[in-house]
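The block underneath contains the structure these notes are about, expressed in structure tokens.
The values are calculated or read from the model by the stated rules, or taken from the named source; none is laboratory data. As the structure is a computational prediction, the values presented were derived from the model and not from experiment. Methodologically, a virtual Cβ is constructed for each residue, glycine included, from the backbone with ideal geometry; neighbour enumeration extends over all protein chains shown.
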Amino acid sequence: MGNIVDFDTDREQQLRWLEGLRTEHRDLDIAINHLMTSRHHDNMRIQRLKRRKLKLKDAIHKLESELIPDLDA
């Protein structure tokens, strides 16, 4: 019975982590768009933010694939 509770707790933590990653990804998108439309945008900063956003996207996809039950099971 303890294993079921542990599994549920781990899954809840993963879902919270996933939501945090999605929020940061959206925030970066807003920041990048703002920097790109500003009069004096910093290309180096924009590129760093875009790389961070891409890493977040990869982490989101990895976590989502871990949370999806294996259909072959």
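When D10, D27, D42 are screened for being closer than 23 Å to H61 by Cα and over 12 Å from the mean Cα position of the chain (by Cα), only D10 passes. Determine, yes or no, whether K57 is in contact with a helix residue (DSSP H, G or I) (Cβ under 7 Å, 6 or more places away or on another chain), at pLDDT 95 or above, in a helix (DSSP H, G or I) and over 27 Å from D10 (Cβ atoms). Criteria not met by K57.
Conditions (1) more than 23 Å from T23 (Cα to Cα); (2) surrounded by 11 or more Cβ atoms within 10 Å (Cβ to Cβ), marked per residue:
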| site | (1), (2) |
| --- | --- |
| T37 | no, no |
| H40 | yes, no |
| I46 | no, yes |
| I60 | no, yes |
| E64 | no, yes |
| P69 | yes, no |
